[in-house]
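> One structure coming up, written as structure tokens, with questions to follow.
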Amino acid sequence: MIHSLFLINNTGDIFLEKHWKSVISRSVCDYFFEAKAKAGDPENVPPVLQTPHHYLISVYRGKIFLLSVIQSEVPPLFVIEFLHRVADTIQDYFGECSENVIKDNLVIVYELLEEMLDNGFPLATESNVLKEMIRPPNILRSVVNTLTGTTVFAEIQGVIEACVRLSGMPDLTLSFMNPRLLDDVSFHPCVRFKRWEAERVLSFIPPDGNFTLMSYHVNSQNLVAIPVYVKQNINFFDSGSCGRLDITIGPKQTMGKMVESLSVTIPMPKTVLSANLTATQGSYTFDLATKILIWDVGKLNPQKLPNLKGTLSMQSGVPKPEENPSLSIGLKIQQLAISGLKVNRLDMYGEKYKPFKGVKYVTKAGKFQVRT
Amino acid sequence: MSSGSAFNDEKGGSSSVAEPEYGHDPASGGIFSSDYKRHDDLKEMLDSNKDSLKLEAMKRIVAMIARGKNASDLFPAVVKNVACKNIEVKKLVYVYLVRYAEEQQDLALLSISTFQRGLKDPNQLIRASALRVLSSIRVTIIVPIMMLAIKEAASDMSPYVRKTAAHAIPKLYSLDPEQKDQLIEVIEKLLADKTTLVAGSVVMAFEEVCPERIDLIHKNYRKLCNLLIDVEEWGQVVIINMLTRYARTQFLNPNINESLLEEGNTEGKTFYGSDEDEDEDEDEEEKEKKAEALAKRKPYVMDPDHRLLLRNTKPLLQSRNAAVVMAVAQLYFHLAPKAEVGVIAKALVRLLRSHSEVQFVVLQNVATMTIKRRGMFEPYLKSFYIRSTDPTQIKILKLEVLTNLANETNISTILREFQTYIKSMDKDFVAATIQAIGRCATNIGEVRDTCLNGLVQLLSNRDELVVAESVVVIKKLLQMQPEKHSDIIKHMAKLIDNIQVPMARASILWLIGEYCEHVPKIAPDVLRKMAKSFTNEEDIVKLQILNLAAKLYLTNSKQTKLLTQYVLNLAKYDQNYDIRDRARFIRQLIVPTEKSGALSKYAKKLFLALKPAPVLESPFKDRDHFQLGSLSHLLNAKAGGYQELPDWPESAPDPSVRNVEVPEWSKCSAREKRKEKKVEKPFYSDSEGESGPTESADSESDSGSGSESASGSEESGSGSESDEEESDEGSDEEEEEEEPKLTKKKMQEVKKPVHQSESEQSSEEERKPQRKPKSRKMSESESESEESESESDESESDESESEPETRKKKKVESKPSKPVKKETKKESKKEMSLLDLDDFEPAHSPQVTPVNAFMSNSLVTDLEGLSLSDDVLAPATISPSSSMKTFELLHRITGEGLSVEYCFSRQPFSPDANMVAVQIHFTNNSSSDVSNLHVEDAKLQSGMRVKEFPEIEVLAAGDTTTAVMGIDFCDSTQAANFQLCTNSKKFFVTIQPPVGELMRPVFMTENEFKKEQGQLMGMNEISEKLTLDSNCRNEHSIVQRVTTAANLSRVPCGSDNECRFAARTVTSNSLVLVTVATKPEGAAQLTVNCDKMLIGTMLVKEILQGLTQ
């Protein structure tokens, strides 16, 4: 199945290679570099490439490419999913999946790769199983038994992330106040699907540590209440090679909760040279190379709405951009699940002790775009 | 580090370039030396006996490998550590070995025996890892060893080891495809395995080795369906893909009636524009036809097994693993009745929120599906809307899907969406959008004009790429109804002045040429302009200019004759031969000369024939002949190893092949078991036999998941309930398969029962009793004995009752002749004279439970002891303890008055023959009594065991006492660390055995010795020349010195100037043969033959020292 793996950074250095069968020369990556040069943006590199003797399947995570070499037919998703699992595992072990972290822990990563695949076929991919075989740099030995569920909601999709530190083989049952809201769900393999179908409760024996228990989709018929509104006005003038920008953000339906970590990202047209703006709240940065304007607002104050206003200077002699850039908004609301999904109760069977339980609701903007 | 690594980087993966080669390059001299030095210090660290240093060295080496640098020159230094007791070091050594074994085949062989030993370790994880590494060493010479190891592991009691065996199958297959037939047997056996852990891996092996042997699946089909939900996710993907293929060969097409209709319709559908308009008619038609077809055919009834597959895979659409979801989706797409396929849409749409790579693959598949089953995704139209942050390749795929989904009802929404896309800054995407609009226009008649108008508006767009793309699309659209659109053609003719994109210019020219009668005035003028710029045009434009000229010449020769000739003359001398060719061809065809052939009459017909409009087709059309979700589908080309998805059979093959018959006796045993254990749920095997598979499916999968959760700790625990159950079922299966096998392969008649009896064991206790039926196997009372066994497994008391009997049997069997096993071994023995197979013989001893081993082995050693004491020439056993070397365990001062010494008594340690007896002398020098002397907290390397001495209650002041403890050093000189405790104090102490104490003497005749020595040649032989000490040149002193150095027994010898000794290592029973050949003048040669390289080397040193001092 998977023959070899190369980890490649953005500048095209191969900083780790692992072969599960005979060694394949790293020159095979040249085909990939060619495709990468053609694509320009790393996001645009085709995930599947065909070379005379091999197939290359790659994913892009944390500014590195995980490039696998395949020799014969295999479902591409199988490989892609596995490569993401590798990245997830590295993230789980070291906190993040980046070139530096991998270089610092080269041997552990190499050993992990050795365990995760046998002859190119996945062997152990669950992080709790792996941690038994290969110890992470420093493992947290928590005496307290805690279970915290972080419920993260985006527009209409969410995940339940669990952090379980319970000893023994506890059998947990999690029920919701309003499971009907959930339209489409997918589960961690530990969840018993039959019970969910019959009773709409999550019954499972959790693995240790952090994992995603369930991800779900809330029926889009229940209109999603967007917590903020945006008033924007971006103009580019034909003459004078300048433009004007004026953005105001206000709260809409926040159920009395504070909107936090508010930020606005605007990819400006390439002809914008610089921005001269004033923000009533927070600060803005304009990256001259990527032409991305980021306005970091922070907390949203309903009394005094944050506003960003000013002029943009444009390259002269070039026609004005036809399209106004779209705004991407990021935000977070603590203690609120915008879908209204609520955890009813969590019961534990099979163990005697009394666990510590906690639930945290968070709303985050996923891909919240304002077309202008 | 820095300079060295920089240099090494260049070398890259060029593998085995030997170091000294750098020497030729004077420039790299400095670097070379530092590099060399570094490797030297790594070697030094590896040779040290500190684990921490070794670990550090191995970490650095593995980091080198990970960075793709060459570390092959360290192979000899690393391979020495393969038997290292430190698990961390060992793991890294394994990693190294697997990477370089292929390049250093000879040296790699040194490590094989370690793995062979590991294969018999009582710990399942060690067995599994030994097999994993052994099978990963790509060295052809060990193929027979791998084969044996795989076969053995395939019947291991631990499902984890069996899983590893399944993984090893494709490895061996790729190393030596000749082994296919044997491997298929193993696959067949593992396919019958009932554990979820094994299922995925064995199907993967099946797919790689013998995907064509679909017949192997029949008997396991229902089991696989039922186990599926509990198999690990990667296994699910492989199984589902395989079952899709299986179902295509075994069941009838559920859409058989519709597919007839489809065929009928597609003929009429091939032309654009027709399908949408006719859709409604078709619906009606379809209904009629369906009715007809239904009347004609006998109604289709789905095979219950087909239904079982569909039902059991459906819940997996909820998997978190995108590959699993995709696998189920393709299964439904290829196998489900039309009405049921819809369920997959939602799950696939969910995957669109995943990583962009996942989206990329899913969208490709959705694009293919939307062509066949548009309705399925229509409700999710908006999920395919494009975000400005999507990568271009995703945008283009989404566009493809949106285009496929367009129909009369939603086209206005889609077009509005497209309009916003055209404004995007991503020009490739805009071009694709324009293409998409063109396709919508050709497919949906109503909007054709709207689209055309929109596209014409785009012609005035500032961006040239947009305009060019529009021109190309408009050209295609105009071909459909040119007469209506002469104004558009005029408009485009004007554009030729501005547009520079060659493809667009060529399109315009073609249009004008083709429809020159619609623009009779403009066309010649365009040709005039083109003639002017001809030399500066791109080739495709030049060709179209020639075309235009030819067409105008034919229709309007008056105005264009000269122009045409001018253009043809220019083309005649063009650099491009295509253009020169074309010019020559056109000239001959259109300009009438006396030479021109008959064809010129038809020139007009040739050039101005009515051309069918192009069909704007999705690139995904007909891609569904590849199995969806496969690499081949994605690439639209057959990838290596792709298994074609077969067409549905005309008539269904016999469904009874999937029936699993349950033999009479096993039913009743299962029933009995149920009584005993109060298990209410039926097992797969009976329920399948007794009730219809459809009805029982639910309860089956329930019990499946139940057993899974019970065996959730498979890795640590063996002999859990589920294991027992499963093994019983396993034996059912085996039993019934046995018959055909026996008749088929007379050759293996003897061999098979051995394996079978092994596989039947699930708990260790079973091992012994299983031996019984082996002897009785041929008798008719088989079933009874099986039953009584399973009873005896469950209750310990039963076991102990029958123990004496079984033990005797074991003794009879294993000791004197081992008739059955020997035979199987001999077959392969010839092939591997290089490597000692003796290692396989004690295979069973480490696996037996301590209790049993304890008893039987002690008998064996007792027997040996007897034989030895008869032998006068074995001074070791009768050597007086006074000559024994004593070592200090605890000094009087550190022990606060308690001093402890130990020596190796060289007596067999009766409680466990695999242990070395250590005699310990305690002396209490203090003034007070010491009480409760005992051993605690032994910190041992993996595999080592300690049998403590019984607690000494009181040791009075000034008193001395002696105790004996047993230590299993695992044939290594690693120290055993433990705490010696008194009632008040704890002392850390260490016992380190000299290598000579790790063996026990064996008696041998000269002939036996020679025979064994003959088998331990090559790498297993180490010899050393020496000069004997002046006072030890006679035979007696040599014997004495050698036997002092190591626990050996003398072998009688005919020759005067040779002394021979033999022993076996205590733990693994490996032979150790020592020969000292004396020559005149005190010269001598010492030879040690031992398949444990490490022991051999160390022993040589030890004896050398003894003889030369």
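> Suppose the filter is within 30 Å of A:V129 (Cβ to Cβ), in a strand (DSSP E or B), modelled with pLDDT of 75 or more and not polar (S, T, N, Q); does A:L277 pass it?
Values: within 30 Å of A:V129 (Cβ to Cβ): no; in a strand (DSSP E or B): yes; modelled with pLDDT of 75 or more: yes; not polar (S, T, N, Q): yes.
So A:L277 fails the test.
> Taking the stated definitions as given, is B:A347 within 24 Å of B:N253 (Cβ to Cβ) and either β-branched (V, I, T) or over 26 Å from the mean Cα position of the chain (by Cα) (or both)?
So B:A347 passes the test.
> Would you mention how many residues in segment B:228-244 are more than 14 Å from A:P75 (Cα to Cα) and assigned to a helix (DSSP H, G or I)?
Of segment B:228-244, the ones more than 14 Å from A:P75 (Cα to Cα) are B:228-232, B:243.
If we keep only those that are assigned to a helix (DSSP H, G or I) too, we end up with B:228-230, B:243.
So the answer is 4.
> Being farther than 21 Å from B:L352 by Cα, of a type in the set (A, V, I, L, M) and part of a helix (DSSP H, G or I) is the filter here, so list the residues in segment B:401-425 that pass it.
The answer is B:I411, B:L415, B:I422.
> Among the listed residues B:T313, B:T370, identify the single one that is within 14 Å of chain A (Cβ to nearest Cβ), within 23 Å of B:I256 (Cα to Cα) and in a helix (DSSP H, G or I).
Numbers: B:T370 fails: within 14 Å of chain A (Cβ to nearest Cβ).
B:T313 is the lone residue from the list that is within 14 Å of chain A (Cβ to nearest Cβ), within 23 Å of B:I256 (Cα to Cα) and in a helix (DSSP H, G or I).
> Which condition breaks for B:Y385 when tested against (1) surrounded by fewer than 24 Cβ atoms within 10 Å (Cβ to Cβ); (2) within 14 Å of chain A (Cβ to nearest Cβ); (3) in contact (Cβ under 8 Å) with a residue 12 or more places away in the chain; (4) more than 20 Å from B:C440 (Cα to Cα)?
(4)
> Taking interchain pairs and intrachain pairs at least six residues apart, which have beta carbon atoms under 6 angstrom, with the first residue in segment B:231-246 and within 12 Å of another protein chain (Cβ to nearest Cβ) and on the phi < 0 side of the Ramachandran plot and the second in a loop (DSSP other than H, G, I, E, B) and among the aliphatic types (A, V, I, L, M)?
none
> Which one is farthest from the other protein chains (Cβ to nearest Cβ) among residues in segment A:18-32 that are out of contact with any helix residue (DSSP H, G or I) (no Cβ under 8 Å at 6 or more places or on another chain) and of a type in the set (D, E, K, R)?
If we take residues in segment A:18-32 being out of contact with any helix residue (DSSP H, G or I) (no Cβ under 8 Å at 6 or more places or on another chain) and of a type in the set (D, E, K, R), then A:D30 is farthest from the other protein chains (Cβ to nearest Cβ).
> Please tell me if B:S1068 is in contact (Cβ under 8 Å) with a residue 12 or more places away in the chain, under 29 Å from B:L119 (Cα atoms) and assigned to a loop (DSSP other than H, G, I, E, B). Please lay out each step first, then the result.
Working: in contact (Cβ under 8 Å) with a residue 12 or more places away in the chain: yes; under 29 Å from B:L119 (Cα atoms): yes; assigned to a loop (DSSP other than H, G, I, E, B): yes.
Yes; evaluated as a whole, the condition is true for this residue.
> Sticking with this one: For residues that are assigned to a helix (DSSP H, G or I), within 55 Å of the chain's Cα centre (by Cα) and of a type outside the set (A, V, I, L, M, F, W, C), tally how many sit in segment B:451-471.
4
> Condition first: more than 25 Å from A:I134 (Cβ to Cβ), part of a helix (DSSP H, G or I) and modelled with pLDDT of 90 or more. Can you find one or more residues in segment B:163-170 that meet it? I'd like the intermediate steps shown before the answer.
Narrowing segment B:163-170 to residues more than 25 Å from A:I134 (Cβ to Cβ): B:169.
Those left that are additionally part of a helix (DSSP H, G or I): B:169.
With modelled with pLDDT of 90 or more added as a condition, the list becomes B:169.
Yes - at least one qualifying residue is present in segment B:163-170.
> Given the structure, is B:N365 of a type in the set (S, T, N, Q) and either at pLDDT 90 or above or in contact with a strand residue (DSSP E or B) (Cβ under 6 Å, 6 or more places away or on another chain) (or both)? Break it down stepwise before answering.
On the way: of a type in the set (S, T, N, Q): yes; either at pLDDT 90 or above or in contact with a strand residue (DSSP E or B) (Cβ under 6 Å, 6 or more places away or on another chain) (or both): yes.
In short, yes.
> Another question, then. With respect to B:M480, is the statement that it is within 58 Å of the chain's Cα centre (by Cα) and not in a helix (DSSP H, G or I) true?
Values: within 58 Å of the chain's Cα centre (by Cα): yes; not in a helix (DSSP H, G or I): yes.
Criteria met by B:M480.
> Identify the single condition in (1) touching a Lys or Arg at 6+ places or on another chain (Cβ under 6 Å); (2) under 15 Å from B:E514 (Cα atoms); (3) modelled with pLDDT of 90 or more that B:I545 does not satisfy, given that it satisfies every other one.
The single condition B:I545 does not satisfy is (1).
> How many residues, within segment B:59-112, are within 12 Å of another protein chain (Cβ to nearest Cβ) and in a loop (DSSP other than H, G, I, E, B)?
The qualifying residues number 7.
> Output yes when any residue across segment B:1090-1098 is crowded, with 16+ Cβ neighbours inside 10 Å, at pLDDT 85 or above and over 20 Å from B:A913 (Cα atoms), and no when none is. So that I can check it myself, show each step before the final result.
Here is the first cut: in segment B:1090-1098, the ones crowded, with 16+ Cβ neighbours inside 10 Å are B:1090-1098.
Among the residues that remain, those that are also at pLDDT 85 or above are: none.
Checking segment B:1090-1098: not a single residue is crowded, with 16+ Cβ neighbours inside 10 Å, at pLDDT 85 or above and over 20 Å from B:A913 (Cα atoms).
> On to the next question. Taking the options B:S135, B:S129, name whichever one is in contact (Cβ under 8 Å) with a residue 12 or more places away in the chain, touching a Phe, Trp or Tyr at 6+ places or on another chain (Cβ under 8 Å) and within 12 Å of chain A (Cβ to nearest Cβ).
Values: B:S135 fails: touching a Phe, Trp or Tyr at 6+ places or on another chain (Cβ under 8 Å).
After applying the criteria, what remains is B:S129.
Let's see how each residue does on (1) in contact (Cβ under 8 Å) with a residue 40 or more places away in the chain; (2) surrounded by 14 or more Cβ atoms within 10 Å (Cβ to Cβ):
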{"site": "B:P524", "(1), (2)": "no, yes"}
{"site": "B:L546", "(1), (2)": "yes, yes"}
{"site": "B:Q559", "(1), (2)": "no, yes"}
{"site": "B:L562", "(1), (2)": "no, no"}
{"site": "B:R587", "(1), (2)": "no, yes"}
{"site": "B:F607", "(1), (2)": "yes, yes"}
{"site": "B:L616", "(1), (2)": "yes, yes"}
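> Hey, another quick one. Suppose we keep only residues that are more than 11 Å from chain B (Cβ to nearest Cβ), part of a strand (DSSP E or B) and β-branched (V, I, T) within segment A:45-99. Which one would you say is farthest from A:S127 (Cα to Cα)?
A:V69
> Something else now. Would you mind telling me which numbered condition in (1) under 21 Å from B:V98 (Cβ atoms); (2) without any contact (Cβ under 8 Å) to a residue 24 or more places away in the chain B:I142 fails?
Of everything listed in (1) under 21 Å from B:V98 (Cβ atoms); (2) without any contact (Cβ under 8 Å) to a residue 24 or more places away in the chain, B:I142 misses just condition (2).
> Cβ-Cβ below 7 Å, separation at least six or inter-chain, first residue in segment B:442-460 and under 17 Å from B:N498 (Cα atoms), second outside any helix (DSSP H, G or I): which pairs?
Every condition considered, no pair remains.
> Between residues in segment B:337-366 that are within 11 Å of chain A (Cβ to nearest Cβ) and residues that are assigned to a helix (DSSP H, G or I) and of a type in the set (S, T, N, Q), which pairs lie under 7 Å by C-beta distance while being six or more apart or on different chains?
So the pair list comes out as B:V349/B:S383; B:L352/B:Q359; B:L352/B:S383; B:F360/B:Q393.
> Same structure again: Filtering segment B:121-161 down to residues that are among the β-branched types (V, I, T) and in a loop (DSSP other than H, G, I, E, B), which residue is surrounded by the most Cβ atoms within 10 Å (Cβ to Cβ)? Steps first, please.
Looking only at segment B:121-161, we keep the residues that are among the β-branched types (V, I, T), and these are B:126, B:133, B:137, B:139-143, B:145, B:150, B:161.
Applying the additional criterion that residues be in a loop (DSSP other than H, G, I, E, B) yields B:137, B:139.
On the way: B:I137: 23, B:V139: 17.
That would be B:I137.
> Go through (1) farther than 27 Å from A:R192 by Cβ; (2) modelled with pLDDT under 90; (3) at the interface with another protein chain (Cβ under 8 Å from one of its Cβ atoms) for B:M376 and report which single condition fails.
Going through (1) farther than 27 Å from A:R192 by Cβ; (2) modelled with pLDDT under 90; (3) at the interface with another protein chain (Cβ under 8 Å from one of its Cβ atoms) one by one, B:M376 breaks only (3).
> While we're here: Mind listing whichever residues of segment A:34-44 are more than 10 Å from chain B (Cβ to nearest Cβ) and either over 29 Å from B:S388 (Cα atoms) or surrounded by fewer than 19 Cβ atoms within 10 Å (Cβ to Cβ) (or both)? Before the answer, list the steps.
Going through segment A:34-44, the residues more than 10 Å from chain B (Cβ to nearest Cβ) turn out to be A:34-38.
Across segment A:34-44, the qualifying residues are A:E34, A:A35, A:A37, A:K38.
> Report whether or not A:K257 is modelled with pLDDT of 80 or more and either in a loop (DSSP other than H, G, I, E, B) or assigned by TED's automatic domain parsing to the domain that holds A:K360 (or both). Let's see the steps before the verdict.
On the way: modelled with pLDDT of 80 or more: no; either in a loop (DSSP other than H, G, I, E, B) or assigned by TED's automatic domain parsing to the domain that holds A:K360 (or both): yes.
No: the conditions fail for A:K257.
> Being in a helix (DSSP H, G or I) and polar (S, T, N, Q) is the filter; apply it to segment B:595-649 and report the residue that is farthest from the other protein chains (Cβ to nearest Cβ).
Of segment B:595-649, the ones in a helix (DSSP H, G or I) are B:598-607, B:623-625, B:631-635.
In the following step, the residues that additionally are polar (S, T, N, Q) were identified as B:600, B:632.
Values: B:S600: 47, B:S632: 6 Å.
If we take residues in segment B:595-649 being in a helix (DSSP H, G or I) and polar (S, T, N, Q), then B:S600 is farthest from the other protein chains (Cβ to nearest Cβ).
> Sticking with this one: Which condition breaks for B:R505 when tested against (1) part of a helix (DSSP H, G or I); (2) closer than 25 Å to B:I414 by Cα?
(2)
> Can you tell me which residue among B:T1087, B:T1097 is part of a strand (DSSP E or B) and either out of contact with any strand residue (DSSP E or B) (no Cβ under 8 Å at 6 or more places or on another chain) or farther than 25 Å from B:D912 by Cβ (or both)?
Numbers: B:T1097 fails: part of a strand (DSSP E or B).
From the options B:T1087, B:T1097, the qualifying one is B:T1087.
The values are calculated or read from the model by the stated rules, or taken from the named source; none is laboratory data. Remember, it's a predicted structure, so these values are computed and weren't measured experimentally. No Cβ is skipped: glycine too gets one built from the backbone with ideal geometry, and neighbour counts run over all protein chains shown.
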